[in-house]
Amino acid sequence: RGEEGTLHIDLGAIDEDVNEDGVRNTEDRPFPGRVTGDGLVSPEEDIGIDGRNDRAELDYYLTVAGVDTSGLSQDQKEQQFRSLSEYEGRDPKDPEGDNFDFDDNDRNDTSHINGTEGNLRSPGGQKPDTEDLNNDGILNTSNDYFHHVIRIADDPEVPGSRSPAGWRLFRLPLYDSAVERVGKPDSSRIEYGRLVLVSPPGASGQRNVEIAKIEIIGNEWQEDDIEVLEGGLPVGEQESFNITTVGTDENLSYRPPPKVKVRQRTTGSRALEREQSLVLEYENLEPDHQASASRILTKNTDYTKYTRLRMWVNGEEEDLAYVVDQDSSELEVFVRFGRDGDNYYEFAARVFPGWDDRNEVDIDLMTMSRLKVELQSGRTDSLGDLLSEIDSLITDPGKRDGPQARYRVRGNPSMQQIKQLTVGVRNQSVVQSYSGRVLVDELRLEEARNDAGFAAYARVNTELADFMNLDGTVEWRGENFRTISSTGRKSSDYKTNLNTTTNAQKLLPGSWGFSVPVRATFSRSESLPRFGPNSDVELTSEQKQDERTETTKTFYEVSVSKRFGKFWLTRWTFDNMNLRFSQTRERGISPTVPLSRRDSETMTFSYKMPLPKPSAKIAAWMPEFMPKAMRESRLNFLPTTVNYTLNAKRQDQATWRRSNQDTTVTENFTLKETYTTKINPLTALQGNYSLQVNRDLRKKYDMSKLAFGREVSRNQKADLKLTLRFLRWVDQNYTYQANYRENSDPRQRRATPVFDSVSGAPVRTLDVTTKYDMSANLSLKLSQILKTLGKSGTRKGRRVKSAAGDSTGNPFILRRLLYYAGGKIEPVRTTWRRNTDARRFNLTARPSLSYQLGIQDSLEVSKAASGLTQQDQNSRRINLEFATGLRLPLGVSVKPSLKEDVTSRSGSTQDRLRLKKEEAFPRITINWGRADRLPLLKRLFNSAQVNFSFDRTKVSEGEGSLNPRDLLSKGVSRQTTVSWNSQWRHGPSMRISYTRNVGEDLDFELASPSDSLSANDTPPLRGTSEDEKNKTSVEMKYNLRPRNLPLFGDLRSNVDLVFRVEVESDTRSSGIGEQEATPISETGRVKVELNGTYKFSDNFRGQGVVRVENNRNELTEKTRKLRELRISGTLFFR
């Protein structure tokens, strides 16, 4: 809104350097040792993007003018500034003119609303002012933008948009050829927008222009070129066509179609939703010319679910020259819909002024489809050529309610694939050209197909005693049958399924003990389409059969097994064998895949050897003082189990698609063998071994030569477990696991094939993956040792006096102390683990068995090649842990522990080794579980417990070794926790805890061999980081159980209340090089929360939360406050 001035609008990339000093100026001061700040503005930083407050600005401009400011007071400086002619008109209180000022009581004065100094309290002022408008960290100095101009006094607004209050609507093309360009703007990268208002030449005083809204609008409809019909003249220079929109929100004179109801935006609101029409604006449209606009849809749309397409049309209402008489018009509106500009359906009818009922587009889609059938029936023109388009004049009132219209079909469109829509105006006059506009609105599909649909389902299930059972189903769904999940079917579907199971062993004598189940399955599905592929023409019965989709599947399976018998020969053969054979045949046809065939056969054989369990004592010769478990040890000579499994599978598949010239044939023929065994030679020793070998039988398969294909992969696993319990005071457990995987299948390997440099033949290579795990667990029961040493010297049946004790038989004081200590010391537990992982690529031979089992680390096999994407890898982790405990009087327990973890990793070059060591010592936990025994506390609490823990962890990482010279980083962290847990005698439970975490990390530069560093010198420091966290929390829980109240009786309620107070602080510091670490983050949090959950019977549950939380940033002196009140309930209907 405004009457004078020129408004300039720039869109694109605009120079950010406002100060023109080549520096990215910002109020956000960087933290020490960093290049960025915290993204917030403190009072000290709120001085504008020039980096100077008002006093510094005055000194700067005086210095630039050559004035010596030394010894001058502030008033003298201001007087000097006023006397300088080059600064005439500037305020010495604000020489830069960047102070923010805006008074809500005088909203017309916006002269200082863009000031960047002192705007902290303004909306959005908490973010730092910066020249970097797009926050990419770079000062962009290029000017590449589109320049638009609105001359407010002269340029016309959109017709009908001027309101009584003086508001007007202007529309500008964004990127067309008439728009001025500065530099090389890119319409796909618009990052900046700039508005500049220029007063008229010679004008004085302030000019105001009000802008209510700026929108970037687009139209999915695009103008097509004006098309010349048969017999028309070429397009004239004065002829033009344009499309816009008109709506109720921007045009006061616009009236929607009478039958369109505009709804309210919200219930009870007087404001209406926006309703708009597409405007086809034509200028000097010549006879036999047509102008149109098209829209390309994002995906294909299916119109076959509906029977009518409708749209409202408004004809030109001012210039009525195109109306010949009451029922005749020389302008025609047309609608096209189809796949593209060469394959479409068209509707055309005469257009009359306004929202005339005769203008309504009403298309019978079924009639349009039948017209396409007529076109595809092979009709020819007078010369005998096949027609490429056909039209029909619709005059039947049952098909169109109104004057006659014309249906046209061109090419081969399909109602199932509507991709493009076109609306346009056609001049059917002989000599007259016309100008005006046509409005179109509400293009819509109506009258969905509601034909009755049918479906049928039948199932038969029967059993013939215990010999056979049969289960069969038949299902049919017609093309008009709909479900909730499938509202629009396009085919008739038939499905049949038959399953049988026969116990063939019933035909054999029962004494043989065989089990021979035979299973068979037959299924068939057929789908008859309603339409052809990508077509909207309904098929005949014969055509549906030609375009059907059919799938059949047969499956047979036979299994043979036998129960255990008494005869030794069958017990070692048939009784432990299982055989299974299956065959599957699938056939399918469809319009796009005329041939689909898949045949597969599977055979599975397994055998479990019934080994005896002979054993013998091997330590009976040991003397009596040896442990009984050791003297009675037995040796088992044979494995516990030995199993073998064979699985063979062959699959042949052929597929032919109409889009392919040849048939695709694939064949898979594989054999998988699995060997497993378990040994238990001693009670304390167990072992398992398994080997799986996969073979490809497509090549090198010859039964006569016992050649069973080529091995493509194998997977081997072996593990041992040793558990020693010979001594009561020590438990020992040792484990070892070795996993070996090998792959030489070229179909699964991504490595580039390797060829022999001499013969050129491909070299068969292997990829190997190994994983070895070893562990030892030792538990030393010191309590039993000390109690044994501290036993009294009493003999059987009598007491004797000895130097070790008195005549009563009681031990002397040292032995009693040992016995007492045995009851307080917990076992000492030690755990040692070693995990080794390795991957090797392109090996020319299989590694030795000792390498596969992890006995040997070195790989004595050559490699064919190595690459960047597949490099050998090796890692090893060694873990050591110690833990014990001490039980002291008054319920105090002390549990110290130690942990050390060392990890090493290396790559294929084998000369770069990365080491990382983590040490946790000391680690101690102290628990006092009987704090309520104290006299004062005993009156207040039913139970009370005090816990204390301390953990110190050191982490070092180095290149090659962990010597000081090779360190990459090292750090130390310490965590201390103190907590109090108690249950009040009459009331809630309470927990108070305090946790403190302190950590320091040092990062070093990578040392090079040329550095003159000794073994004990560390490399130069790259940076330091420190972190300190403190947290104190108090939590109280209380349960309100059901109570009996007067008038209410027993209440079946259960309420749990939790009151929690938390106070946290976190300080993080960082430094570069040898600089002292300075804080980069210092935050604090105070939280008070009351949480209640309530349950009234089993049918209603709820929750209530009251939370008050303050988050404080000490560096920016900002506090974020959070207040929450939440009440919720859930009602269950059972």
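The values are calculated or read from the model by the stated rules, or taken from the named source; none is laboratory data. Only a predicted model underlies this, so the values are computations on that prediction, with no experimental measurement involved. Counting neighbours? That spans all protein chains shown, and the Cβs are built from the backbone with ideal geometry, glycine included.
Given the structure, is residue 430 part of a loop (DSSP other than H, G, I, E, B), of a type in the set (Val, Ile, Thr) and either touching a residue at least 24 places away in the same chain (Cβ under 8 Å) or buried (at least 16 other Cβ atoms within 10 Å of the Cβ) (or both)? When the stated conditions are applied, residue 430 passes them. Considered as a group, the residues in region 418-435 that are under 15 Å from residue 303 (Cβ atoms) and aliphatic (A, V, I, L, M) include one that is modelled with the lowest pLDDT, and that residue is 418.
Summed over region 471-520, the residues that are farther than 16 Å from residue 453 by Cβ, of a type in the set (S, T, N, Q) and in contact with a strand residue (DSSP E or B) (Cβ under 8 Å, 6 or more places away or on another chain) give a count of 10.
Output the number of the condition that residue 1090 fails; it satisfies all remaining conditions of (1) part of a strand (DSSP E or B); (2) aliphatic (A, V, I, L, M); (3) in contact (Cβ under 8 Å) with a residue 60 or more places away in the chain. Every listed condition holds for residue 1090 apart from (3).
A quick yes/no check of all residues on (1) surrounded by 15 or more Cβ atoms within 10 Å (Cβ to Cβ); (2) at pLDDT 95 or above:
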| position | (1), (2) |
| --- | --- |
| 507 | no, no |
| 534 | no, no |
| 541 | no, no |
| 549 | yes, no |
| 579 | yes, yes |
| 593 | yes, no |
| 602 | yes, yes |
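What about residue 374, is it among the acidic types (Asp, Glu) and assigned to a helix (DSSP H, G or I)? Considered against the rule, which asks whether it is among the acidic types (Asp, Glu) and assigned to a helix (DSSP H, G or I), residue 374 comes out as yes.
Is it the case that residue 846 is modelled with pLDDT of 90 or more and closer than 17 Å to residue 769 by Cβ?
On the way: modelled with pLDDT of 90 or more: yes; closer than 17 Å to residue 769 by Cβ: yes.
Yes; evaluated as a whole, the condition is true for this residue.
Considering only region 376-392, I want to know if a residue exists there that is over 25 Å from residue 302 (Cα atoms) and within 52 Å of the chain's Cα centre (by Cα). Outline the logic, then answer.
Kept after step one, since they are over 25 Å from residue 302 (Cα atoms), are these residues of region 376-392: 378-387.
After this cut, where a residue has to be within 52 Å of the chain's Cα centre (by Cα) as well, the list is none.
The answer is no; no qualifying residue exists.
Yes or no: region 525-541 includes at least one residue that is assigned to a strand (DSSP E or B), in contact with a Phe, Trp or Tyr (Cβ under 6 Å, 6 or more places away or on another chain) and farther than 30 Å from residue 339 by Cα. No - not one qualifying residue is present in region 525-541.
Being among the hydrophobic types (A, V, I, L, M, F, W, C) and either closer than 26 Å to residue 300 by Cα or in contact (Cβ under 8 Å) with a residue 60 or more places away in the chain (or both) is the filter here; which residues of region 436-460 pass it? Walk me through it before giving the result.
We begin by selecting, within region 436-460, every residue among the hydrophobic types (A, V, I, L, M, F, W, C); these are 438-440, 443, 445, 448, 452, 454-456, 458, 460.
Answer for region 436-460, where residues must be among the hydrophobic types (A, V, I, L, M, F, W, C) and either closer than 26 Å to residue 300 by Cα or in contact (Cβ under 8 Å) with a residue 60 or more places away in the chain (or both): 438, 439, 440, 443, 445, 448.
Cβ-Cβ contacts under 7 Å between residues 6 or more apart (or on different chains), taken from a first residue in region 719-732 that is over 18 Å from residue 782 (Cβ atoms) to a second residue that is assigned to a strand (DSSP E or B) and among the small types (Gly, Ala, Ser), are listed as 719/687; 720/687.
From the list 227, 220, 283, which residue is closer than 16 Å to residue 437 by Cβ and touching a residue at least 60 places away in the same chain (Cβ under 8 Å)? Write out each step before concluding.
Numbers: 227 fails: closer than 16 Å to residue 437 by Cβ; 220 fails: closer than 16 Å to residue 437 by Cβ.
Checking each option against the conditions leaves just 283.
Residues in region 847-898 that are touching a residue at least 24 places away in the same chain (Cβ under 8 Å), not hydroxyl-bearing (Ser, Thr, Tyr) and not in a strand (DSSP E or B): how many? The total comes to 13. The condition (being among the basic types (Lys, Arg), assigned to a helix (DSSP H, G or I) and surrounded by fewer than 16 Cβ atoms within 10 Å (Cβ to Cβ)) is satisfied by just one residue among 905, 939: 939.
Can you spot a residue in region 698-711 that is part of a strand (DSSP E or B), small (Gly, Ala, Ser) and over 30 Å from residue 631 (Cα atoms)? Yes, the conditions are met somewhere in region 698-711.
Checking the condition assigned to a strand (DSSP E or B), touching a Ser or Thr at 6+ places or on another chain (Cβ under 8 Å) and surrounded by fewer than 16 Cβ atoms within 10 Å (Cβ to Cβ), which residue from 978, 972, 946 passes? On inspection, the qualifying residue turns out to be 972. Would you confirm whether or not region 478-491 contains a residue that is assigned to a strand (DSSP E or B), modelled with pLDDT of 95 or more, out of contact with any His (no Cβ under 8 Å at 6 or more places or on another chain) and among the hydroxyl-bearing types (Ser, Thr, Tyr)? No - not one qualifying residue is present in region 478-491.
Among the listed residues 1053, 973, 1065, identify the single one that is among the polar types (S, T, N, Q), over 30 Å from residue 961 (Cβ atoms), in contact with a Lys or Arg (Cβ under 8 Å, 6 or more places away or on another chain) and modelled with pLDDT of 95 or more.
On the way: 1053 fails: modelled with pLDDT of 95 or more; 973 fails: over 30 Å from residue 961 (Cβ atoms).
On inspection, the qualifying residue turns out to be 1065.
Go through the residues of region 4-11 one by one and say whether even a single one is modelled with pLDDT of 85 or more and farther than 30 Å from residue 142 by Cα. Yes, some residue in region 4-11 is modelled with pLDDT of 85 or more and farther than 30 Å from residue 142 by Cα.
If I filter region 908-916 for residues that are free of Cβ contacts under 8 Å to residues at least 40 places away in the same chain, touching a Ser or Thr at 6+ places or on another chain (Cβ under 9 Å) and part of a strand (DSSP E or B), do I get at least one hit?
As a first pass, look at region 908-916 and keep what is free of Cβ contacts under 8 Å to residues at least 40 places away in the same chain: 909-911.
Now drop any that are not touching a Ser or Thr at 6+ places or on another chain (Cβ under 9 Å), which leaves none.
Taking every residue of region 908-916 in turn, none turns out to be free of Cβ contacts under 8 Å to residues at least 40 places away in the same chain, touching a Ser or Thr at 6+ places or on another chain (Cβ under 9 Å) and part of a strand (DSSP E or B).
Residues in region 132-171 that are acidic (Asp, Glu), over 35 Å from the mean Cα position of the chain (by Cα) and more than 22 Å from residue 199 (Cα to Cα): 144 alone.
Of all residues being closer than 28 Å to residue 924 by Cα and of a type in the set (Lys, Arg) in region 950-969, which is surrounded by the most Cβ atoms within 10 Å (Cβ to Cβ)? Just the residue, please. It comes out as 952.
The residue of region 788-841 that is modelled with the highest pLDDT, among those that are hydroxyl-bearing (Ser, Thr, Tyr) and loosely packed, with under 13 Cβ neighbours inside 10 Å, is 820.
Elements of the type strands (runs of 3 or more DSSP E) sitting completely within region 301-356 and holding at least 1 residues that are crowded, with 20+ Cβ neighbours inside 10 Å: these cover 306-314, 331-340, 343-350.
Determine whether residue 202 is closer than 17 Å to residue 7 by Cα, without any contact (Cβ under 8 Å) to a residue 60 or more places away in the chain, among the small types (Gly, Ala, Ser) and assigned to a loop (DSSP other than H, G, I, E, B).
Working: closer than 17 Å to residue 7 by Cα: yes; without any contact (Cβ under 8 Å) to a residue 60 or more places away in the chain: yes; among the small types (Gly, Ala, Ser): yes; assigned to a loop (DSSP other than H, G, I, E, B): yes.
When the stated conditions are applied, residue 202 passes them.
Considered as a group, the residues in region 29-60 that are touching an Asp or Glu at 6+ places or on another chain (Cβ under 8 Å) and outside any loop (DSSP other than H, G, I, E, B) include one that is nearest to residue 16 (Cα to Cα), and that residue is 47. When we screen 235, 246, 279 for residues that are of a type in the set (Val, Ile, Thr) and in a loop (DSSP other than H, G, I, E, B), the only hit is 235. A count restricted to region 1109-1120 and to residues that are out of contact with any Pro (no Cβ under 9 Å at 6 or more places or on another chain) and either hydrophobic (A, V, I, L, M, F, W, C) or within 19 Å of residue 1091 (Cα to Cα) (or both) stands at 2. Out of region 684-719, which residues are closer than 30 Å to residue 732 by Cβ and of a type in the set (Asp, Glu)? Once the filter is applied, which keeps residues that are closer than 30 Å to residue 732 by Cβ and of a type in the set (Asp, Glu), region 684-719 yields only 719.
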